[in-house]
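The values are calculated or read from the model by the stated rules, or taken from the named source; none is laboratory data. Because the structure is a prediction, the values reported are computed rather than measured. Glycine gets a Cβ as well: all are built from the backbone with ideal geometry, and neighbour counts include every protein chain shown. All accessible areas refer to the heavy atoms of the entire protein, side chains included, with ligands and DNA or RNA removed. Shrake-Rupley method; radii C 1.70, N 1.55, O 1.52, S 1.80 Å.
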Amino acid sequence: MALPYGKYLLDRKLAEGGMAEIFLARPAPGQGGQGVRPGPFVVKRLFAHQSADTEFVRMFKNEARLAALLKHPNIVDIFDQGEIDGSFFLAMEFINGEDLRSIAQQSDTMNRRPPLPVVGRIIMDMLAGLHYAHSLADENGKPLGVVHRDVSPQNILVTYDGQVKIIDFGIAKATMAAESEQTQAGMVKGKYAYMSPEQARSAKLDGRSDVFSVGILLWELITWRRLFKRGTDLATMVAVAEEPAPSMLLLTPDCPQALDDVVQKALAKDTEQRYRSAQEFAAALGDCMTKLGWDFAPKAVGAYMSEIFRERVAQRESELRAVMNAAKRDSLRQAVPAIQLPPSQPT
């Protein structure tokens, strides 16, 4: 039974986190022609108790404000936001796929780690989306200074046909935000194990912070080990800030030296020694894979996803058909008026 929510119908809960719940949704009857996209799409709804928390609401509104500007194939498109019945929400495109954390778990279950060219393609597409965000400028050409600050497995989605999408710019920092809305001094946001050294120290950030976070992801996807994760948050942050990344050659003998060199540069503690931009990182990675003779076309990612998620793909298709059929029934009810029978005549 779909749950009415303003101009939307929430068909099924997809996920629930610490601050919000996510639903597969469609337009409510009569709303399809009023600027509402046809379904299915996703509604991310802040919990009612979080809607009373000004910091969580600030993050939500910041995500919506940035979303109005972020239009790129590798960034999830958010097309509506607001408040209904005391809870804030975002409406965004539905991504038919999985996040990197789920992909890693399924890979272990299937005993089928992603091939290195597939890993490289995913990382390159992530970097394309991040470079776009980092390069964003206002109408006068002034850079907005967008930094995602939470590049982590949960925030990278891969569709079953191989598209890569970045989500959750909720804590992204941009100079367009008012000073009062900036992260307070000493307050660290993001997932500790995927932070840059400067982020762990609450220092000033630019796009190279996200470059470091992507470097962590690439290192872990190649070695299949955690890089900076330790027993406590404090120990993790100290490792991020101070411990060098081990050579992947020590852990993965079949990792080419050239690839290790690319990753080590992304993981330089000194920002001046890192790639200057996500685009430069992507170019170095692409050149490396080309020289190695790897096929890193997007279709390889789709083939891998279809292989390890075959049963889930079939289940998801069935769920989506149910949502679309319900939407069609709603449309037919609106299009066909009730038949008015003439009054009965005396016989």
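Only one of the listed residues (D287, D295) is surrounded by fewer than 14 Cβ atoms within 10 Å (Cβ to Cβ), touching a Pro at 6+ places or on another chain (Cβ under 8 Å), at pLDDT 85 or above and closer than 21 Å to L127 by Cα. That residue is D295.
Please verify whether segment 228-236 includes one or more residues that are basic (K, R) and out of contact with any helix residue (DSSP H, G or I) (no Cβ under 7 Å at 6 or more places or on another chain).
no
Contact annotation: residue pairs with Cβ atoms under 7 Å, 6 or more positions apart or on different chains, pairing a residue in segment 207-223 that is over 18 Å from I167 (Cα atoms) and touching a residue at least 40 places away in the same chain (Cβ under 8 Å) with a partner that is in a helix (DSSP H, G or I) and of a type in the set (S, T, Y), are R208/T271. Scanning segment 93-108 turns up no residue that is farther than 29 Å from K229 by Cβ, touching a Gly at 6+ places or on another chain (Cβ under 9 Å) and acidic (D, E).
Contact map, segment 150-170: first residue at positive phi, second residue assigned to a loop (DSSP other than H, G, I, E, B) and surrounded by fewer than 24 Cβ atoms within 10 Å (Cβ to Cβ), Cβ cut-off under 7 Å, separation 6 or more or different chains; pairs are D168/D150. Contact map, segment 68-89: first residue farther than 22 Å from A48 by Cα, second residue in a loop (DSSP other than H, G, I, E, B) and of a type in the set (F, W, Y), Cβ cut-off under 7 Å, separation 6 or more or different chains; pairs are L70/F169.
So is N74 crowded, with 16+ Cβ neighbours inside 10 Å, within 17 Å of the chain's Cα centre (by Cα) and modelled with pLDDT of 95 or more or not? Judged against the criteria, N74 is a match. Among strands (runs of 3 or more DSSP E) entirely within segment 90-167, having at least 3 residues that are touching a Pro at 6+ places or on another chain (Cβ under 6 Å) and at pLDDT 95 or above singles out no element at all. Against the test of being on the phi > 0 side of the Ramachandran plot and either touching a strand residue (DSSP E or B) at 6+ places or on another chain (Cβ under 7 Å) or of a type in the set (D, E) (or both), the options D80, D85, D53 yield a single qualifying residue, D85. The residues of segment 194-221 that are in a helix (DSSP H, G or I), within 21 Å of V119 (Cα to Cα) and open to solvent by less than 10 Å² (accessible area, probe 1.4 Å), listed by number, are S209, D210, V211, F212, S213, V214, G215, I216, L217, L218, W219. Of the numbered criteria (1) in contact with a strand residue (DSSP E or B) (Cβ under 8 Å, 6 or more places away or on another chain); (2) surrounded by fewer than 22 Cβ atoms within 10 Å (Cβ to Cβ); (3) of a type in the set (D, E), the one D125 fails is (2).
Entry remark, segment 48-66: residues being closer than 17 Å to G18 by Cα and either of a type in the set (S, T, Y) or in contact with a helix residue (DSSP H, G or I) (Cβ under 8 Å, 6 or more places away or on another chain) (or both) number 6 in total. Taking every residue in segment 299-318 that is of a type in the set (S, T, N, Q) and pairing it with any residue that is surrounded by fewer than 19 Cβ atoms within 10 Å (Cβ to Cβ), at least 6 positions away or on another chain, the pairs with Cβ-Cβ distances below 8 Å are S306/D161; S306/V313.
One residue is enough: does segment 51-68 have a residue meeting the conditions within 28 Å of P298 (Cα to Cα), open to solvent by 20 Å² or more (accessible area, probe 1.4 Å) and of a type in the set (V, I, T)? There is no residue in segment 51-68 that is within 28 Å of P298 (Cα to Cα), open to solvent by 20 Å² or more (accessible area, probe 1.4 Å) and of a type in the set (V, I, T). Can you find even one residue in segment 36-56 that is in contact (Cβ under 8 Å) with a residue 24 or more places away in the chain, of a type in the set (D, E) and in a helix (DSSP H, G or I)? Scanning segment 36-56 turns up no residue that is in contact (Cβ under 8 Å) with a residue 24 or more places away in the chain, of a type in the set (D, E) and in a helix (DSSP H, G or I). Among the criteria (1) surrounded by fewer than 22 Cβ atoms within 10 Å (Cβ to Cβ); (2) under 12 Å from the mean Cα position of the chain (by Cα), the one H148 does not fulfil is (1). All conditions but one from (1) within 29 Å of Y192 (Cα to Cα); (2) open to solvent by 40 Å² or more (accessible area, probe 1.4 Å); (3) of a type outside the set (S, T, Y) apply to A241; the one that does not is (2).
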